[in-house]
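None of the figures in this text is laboratory data; all of them are computed from the coordinates on show. Just so you know, these numbers come straight off a predicted model, no measurement behind them. Note: ideal-geometry Cβ built from the backbone for every residue, glycine included; neighbour counts use all protein chains shown.
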Amino acid sequence: ETGVTQTPRHLVMGMTNKKSLKCEQHLGHNAMYWYKQSAKKPLELMFVYSLEERVENNSVPSRFSPECPNSSHLFLHLHTLQPEDSALYLCASSQSLNLGTRVFGNIQYFGAGTRLSVL
Amino acid sequence: AQKVTQAQTEISVVEKEDVTLDCVYETRDTTYYLFWYKQPPSGELVFLIRRNSFDEQNEISGRYSWNFQKSTSSFNFTITASQVVDSAVYFCALQNTGNQFYFGTGTSLTVIP
């Protein structure tokens, strides 16, 4: 079992569809992240969950809705997406050694991503 | 503002050559972390190194070495005697004292056999 597993690996959806991306980590970590990777652009951090609490939301449009039901699972619910949302969506996890929800200095372990195409 | 610049978009080298990947960062924080990750064609980013802002010692790990210079805000990565398996996209990243990570646009390295 790989450390961080993302499903599906590929997803094609229309602009009116609703779909969800799933991420599962088997590393015993307590923080999880969603990133968007578009061609020629830096990885964009979307959301950070630490101790199952959302600690960062980087001005992501509301058509992206994260959910973290426990420390091992992270979802990204998608609805009414736009073609410019087509990208590779990466999930990562880390172990926060600090007290509280800070993830400063954490080493992130990434999944292989979901390649999303919005038609 | 925080920013990471990887000016080299693509690099090609012949196997066994040495190659240096540049990373320049901007931050007003005095405490921060720097990272390098490798992204092979399979997609997942693989952690290579973490360095905090108070540790300027250079590091060597096998064929990999890193040169951290706060005076020039650079954290360069050198691969010695490159191999085909080193072909990947390499990302440099900065993290400040908050929960934000800032990645560069990556350098695509191709090692030609």
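Legend: Rg and Dmax of the protein assembly as shown, from Cα coordinates, 17.7, 53 Å. Our compactness index for the stretch A:63-119, the C-alpha radius of gyration over the empirical 2.2 N^0.38 Å, is 1.36. Dipole magnitude for the protein assembly as shown: computed about the Cα centre from +1 point charges on Lys and Arg Cβ and -1 point charges on Asp and Glu Cβ, it is near 480 debye. In summary, the lysines within cross-link reach of residue A:22, defined as a Cα separation below 18 angstrom excluding same-chain residues under 8 places away, comprise A:36. Would you compute the Debye intensity of the stretch B:1-107 from its alpha-carbon atoms alone, equal scatterers and no solvent, and pass along log10 I(q)/I(0) at q = 0.15 Å⁻¹ to two decimals? Relative scattering, expressed as log10 I(q)/I(0), comes to -0.59.
As an exercise, identify the chymotrypsin sites (Phe, Trp or Tyr not before Pro) in the stretch B:1-74 lying in DSSP coil whose Cβ has no more than 16 other Cβ atoms within 10 Å.
When the chymotrypsin sites (Phe, Trp or Tyr not before Pro) of the stretch B:1-74 are filtered for loop state and at most 16 Cβ neighbours within 10 Å, B:54 remain.
Between A:104, A:47, A:64, which gets the highest mean-square fluctuation from a Gaussian network model of chain A, Cα cutoff 10 Å? Highest fluctuation among the options: A:104. Scanning residues 5 or more positions from residue B:23 or on other chains, those with amide H under 5 Å from its amide H are B:75, B:76, B:77, with H placed 1.01 Å from N in the peptide plane. Residue separation of residue B:28 and residue B:53 scaled by 0.36 nm, minus their Cα-Cα distance, works out to 7.8 nm of gained length. For chain A, the list of Cys residues with no other Cys C-beta under 4.7 Å reads A:68. Among A:82, A:95, A:25, the largest mean-square fluctuation in a Gaussian network model of chain A, built with springs joining Cα atoms closer than 10 Å, belongs to A:82.
In what sequence do A:13, A:32 fall when counting other Cβ within 10 Å, fewest first?
A:13, A:32
As a proxy for reagent exposure, ranking B:24, A:48, B:89 by other Cβ atoms within 10 Å from fewest up yields B:24, B:89, A:48. With neighbours defined as other Cβ atoms within 10 Å of a residue's Cβ, the residues B:78, A:114 order from fewest to most as B:78, A:114. What the Kirkwood sum gives for the stretch A:1-88 is a hydrodynamic radius of 13.7 Å, with every pair of different alpha carbons counted. Distance from the alpha carbon centroid of the stretch B:28-84 to that of the stretch A:59-115 works out to 24 angstrom.
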